[in-house]
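The values are calculated or read from the model by the stated rules, or taken from the named source; none is laboratory data. Please read all numbers here as calculations on a predicted model, not as lab measurements. Cβ: placed from backbone, ideal geometry, glycine included. Neighbour counts: every protein chain shown. SASA here: full protein model, heavy atoms, side chains in, ligands and nucleic acids out. Shrake-Rupley method; radii C 1.70, N 1.55, O 1.52, S 1.80 Å.
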Amino acid sequence: LTLLALLMPCLPQSSSNRMAPRTCRWAVASLAWLGFPSRSLGLDPAGLAAAAAAVDGEVGSLAEAEARLARAVARAGVREQRQLRKELARKEAEIEALRRELARRPLGRMEPTQVALQGHDIPSPRQPAFAELHRELYGREWDDNDNIWTAFPNHYRKEPQFTYGNSPFWGARKVRFFLAEASKILGLSKPWRPRFFVEVGTLYGMSAVRWAQEFDRLNLSNVPVLCVDPFTGDLNMWFNKRKPVWKLLDVQHARPLIYEQFMANVASLVSSGRVAPTHILPFPVTAITAVRWLHLKGFHPDAVFLDSAHEVDETYLELALFFRILAPGGLLFGDDYQWPSVRFDVDRFVEYNRLLLHKDAHGRMWAIAKPRTTIP
């Protein structure tokens, strides 16, 4: 396919090559399909990396292609050979130009749609306080007496449930220990104090609760903890109906009740005074919707905990997009590095962007720091 896409459009018109015009059009379409589109096409990060690799492969094969072409037209006249070599050189120049363009394009296209961007000026990057984020999310001001926690109806009568033990931060002082390690990773001389924390993949809110409690302990009463999760479960839960993970969904009336359990858990801790009400804010949308909304609002977190579905390529896309909006000097970190799918995407993202990967002694937690200099 590669050789045909490159060489067939270069063949001259003759009685033995009446299909050349059609082949030229097919070759152009093939190059676009391989990952060499115009600027109007949006490549996902995995596709972008694959396209870049494909370009490198094309450039490397040009010399061999030229030799084969020369042998194939050995009987032709010198004039035709010169024309063919000129066409081949032109293709090589086009591919090199595409390779340079791909290298300049940032990973993780952020533009949602042209409609959404018409007449919208993206604000300067900042970390919002709790009240501003609440207002932008829900379209109303925070009210101490009438809010998402005090007014939660709990139609399914969910009781607080804190027995899910897979959160890496649920144990006592685990967040405190992580903050100390994060200070070392970021090269800080004083303890790290995030100003805007985003958790991607919340489930029952176990990690979010621990982070909120640690912020209370540090007297950071207005640091928002944005919990991004559609609360619909992942492939592992829906597929394995004979395993305990299926019960985490608690499917009733054809939908899971993860959100109801999350709200019941946090509301109970807020009402009992164990967590301040001005931290946790649920954002029940997909990670892609959330990161693009944050981008359009100019809200750039300095701490992102990525603990979502753990599927190959999906993890890579989330890495690329959230790293784009991560504030310079911030930290992107996650759990379950021992999962092959997570390890595969984290490793190739770090390698492609020439970043330093930090791992804990157990090979479970991973972290990537964003340099303080702005990355395009």
If we keep just the residues of the stretch 365-376 that are open to solvent by 20 Å² or more (accessible area, probe 1.4 Å) and at pLDDT 95 or above, which is nearest to W192 (Cα to Cα)? A369
Can you work out which of the residues in the stretch 329-349 that are within 17 Å of F197 (Cβ to Cβ), at pLDDT 95 or above and of a type outside the set (G, A, S) is surrounded by the fewest Cβ atoms within 10 Å (Cβ to Cβ)? F333
Identify all residues within the stretch 185-240 that are among the aliphatic types (A, V, I, L, M) and either over 24 Å from W293 (Cα atoms) or in contact with a Lys or Arg (Cβ under 8 Å, 6 or more places away or on another chain) (or both); write none if there are none. I185, L186, L188, M206, L218, L220, V223, L235, M237
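A quick yes/no check of all residues on (1) open to solvent by less than 30 Å² (accessible area, probe 1.4 Å); (2) modelled with pLDDT under 95:
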residue	(1), (2)
P244	no, yes
V251	no, no
R255	no, no
Y259	no, no
A264	yes, no
A267	yes, no
L281	yes, no
T286	no, no
Residue in the stretch 203-214 that is most open to solvent (accessible area, probe 1.4 Å), counting only those that are in a helix (DSSP H, G or I) and in contact with a Phe, Trp or Tyr (Cβ under 7 Å, 6 or more places away or on another chain): R210
Filtering helices (runs of 4 or more DSSP H) wholly in the stretch 64-173 for at least 3 residues that are modelled with pLDDT of 80 or more and of a type in the set (A, V, I, L, M) gives 130-138
Tell me, which residue of the stretch 215-233 that is of a type outside the set (K, R) and more than 19 Å from F299 (Cα to Cα) is surrounded by the fewest Cβ atoms within 10 Å (Cβ to Cβ)? N219
Considering the stretch 158-202, residues that are of a type in the set (D, E) and open to solvent by 60 Å² or more (accessible area, probe 1.4 Å), and then whichever is farthest from P284 (Cα to Cα), we arrive at E181
